[in-house]
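Accompanying notes for the structure given below.
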């Protein structure tokens with residue numbers, strides 16, 4: 001019985017093997033066959049998809065469509081916000097991708113976006129797919145940040161890049177309304193002042209309105225944080241007045257208090273500078289950014305009628321009385337602040353207007369004297385100049401104190417003047433009149449971002465005024481070249497202008 005079972009198993013195995021061998025023979029039948037026509041997406045020689053933010057993305061791959069009619073093909077270009085992700089949007093349905101403005105945030109090399117191209121043969125439903133990584137680089141380089149408003153209550157940010165304000169640059173490139181493009185909203189309120197800083201290595205633009213302090217990324221102008229998020233101990237009221245810089249420090253004046261912080265090593269402001277007496281800090285403060293100074297800040301407290309200096313790392317102090325000096329700081333009363341600044345030689349300068357007579361006076365203190373390890377000798381009165389005879393100064397709205405020349409520029413709504421005070425008797429001269437119908441909305445001296453520590457500087461540094469105007473419908477930026485330092489002449493034949501803005505509320509080099 002056992003031997004019969006073995007014979008039966010062998011017989012069945014031979015039958016199975018024969019069936020297998022029979023199935024492996026060539027098919028000699030003559031049934032009709034045909035190849036399915038296809039599409040080949042040829043990317044030979046195509047460069048990487050790498051471009052600047054806000055540039056237009058154009059891709060034109062070569063298609064081989066033998067046997068396929070053009071009318072049977074449909075196309076889709078799809079943008080994925082991360083590789084191997086599902087979040088995406090269709091950006092074109094044309095054969096070639098053309099004219100797509102890239103408004104994406106600049107990305108890292110190891111985290112690109114992805115562009116996917118799909119060609120569909122509608123006659124049979126077959127899809128042919130090709131994908132590329134997309135690298136978006138920062139296009140917001142050196143230039144002038146323009147804060148502008150179209151509605152009088154909210155602000156957008158634009159950027160002017162041009163040879164006069166952008167080093168090693170030969171074109172004119174205006175990136176318009178970048179903030180709202182990136183954030184899908186405007187900045188609430190009107191931006192009054194801005195300051196580019198680095199916070200723990202991150203390039204940041206600080207901006208203030210009447211009710212807020214904001215941190216904005218300089219890579220793409222995306223919103224980061226505001227108000228309480230920027231303080232270790234938040235103030236009870238946000239009424240920002242001034243942003244500025246001193247050597248290795250960022251200064252914020254808020255609601256009469258002064259904050260000073262080294263933001264390269266601290267991500268937030270701490271507590272305001274204190275004093276053993278009451279004081280109120282104005283928006284017009286003299287900030288020494290040239291070198292490390294023991295006294296980097298001075299100001300006139302018009303509420304308590306006193307000059308004050310800040311000794312770095314210490315408290316606020318009153319300027320000492322100056323009996324026998326050019327003027328006595330303790331007797332400068334009933335004044336209001338118009339402008340303040342520090343000269344390259346360390347002189348502190350304060351332009352004040354008398355609240356009763358309306359007269360203008362420029363008060364100058366010399367630099368402090370370091371007596372280390374003894375206490376520092378505070379600034380002492382050095383000179384004062386009566387500007388009451390300056391034409392139309394009572395109508396002036398903007399004042400500029402260049403740190404490298406003994407000239408003060410001031411502007412009414414239509415005209416720019418120069419007050420020359422290199423001698424004991426100031427000389428006043430008209431320098432420029434705005435085009436008819438245009439109102440001057442800001443005036444400042446151009447100082448390249450990073451001044452005074454990041455030299456060498458562009459040739460136009462300190463050699464042009466930056467002025468903005470508004471005619472009721474369009475804002476413009478003018479660059480007024482200064483031909484003679486110390487005299488203040490304007491080279492009207494080489495003035496540059498840039499239009500197409502709303503009403504400009506602030507300008508800052510970055």
Test: residue in segment 281-304 that is modelled with pLDDT under 95, surrounded by fewer than 19 Cβ atoms within 10 Å (Cβ to Cβ) and touching a helix residue (DSSP H, G or I) at 6+ places or on another chain (Cβ under 9 Å): no
The listed residue being modelled with pLDDT of 95 or more, over 28 Å from residue 208 (Cα atoms) and buried (at least 16 other Cβ atoms within 10 Å of the Cβ), out of 463, 431: 431
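Considering segment 116-145 alone, what residues qualify as being within 30 Å of residue 156 (Cα to Cα) and part of a strand (DSSP E or B)?
Residues satisfying the conditions are 134, 135, 136, 137, 144, 145.
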Hits in segment 313-354 - residues which are surrounded by 18 or more Cβ atoms within 10 Å (Cβ to Cβ) and free of Cβ contacts under 8 Å to residues at least 24 places away in the same chain: 353
Residue 157 being modelled with pLDDT of 95 or more, in contact with a helix residue (DSSP H, G or I) (Cβ under 9 Å, 6 or more places away or on another chain) and crowded, with 18+ Cβ neighbours inside 10 Å: yes
Which listed residue is farther than 21 Å from residue 444 by Cβ and in contact with a helix residue (DSSP H, G or I) (Cβ under 6 Å, 6 or more places away or on another chain), from 321, 359: 321
Residue list for segment 168-182, filter: modelled with pLDDT under 95 and surrounded by fewer than 19 Cβ atoms within 10 Å (Cβ to Cβ): 168, 169, 170, 171, 173, 181
Count of segment 205-238 residues which are more than 14 Å from the chain's Cα centre (by Cα), buried (at least 21 other Cβ atoms within 10 Å of the Cβ) and outside any strand (DSSP E or B): 2
Filtered residues of segment 398-420 (kept if part of a loop (DSSP other than H, G, I, E, B) and either under 18 Å from residue 335 (Cβ atoms) or free of Cβ contacts under 8 Å to residues at least 12 places away in the same chain (or both)): 401
Answer from 170, 74, 153 - the residue that is farther than 30 Å from residue 495 by Cα and in the same structural domain as residue 441 (by TED's automatic domain parsing): 153
Verdict on residue 241 being assigned to a strand (DSSP E or B), at pLDDT 95 or above and out of contact with any helix residue (DSSP H, G or I) (no Cβ under 8 Å at 6 or more places or on another chain): yes
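The values are calculated or read from the model by the stated rules, or taken from the named source; none is laboratory data. The shown structure was predicted, so the numbers you read here are calculated from the model rather than taken from an experiment. Positions of Cβ are generated from backbone atoms using ideal geometry, with glycine treated the same way; all protein chains shown enter the neighbour counts.
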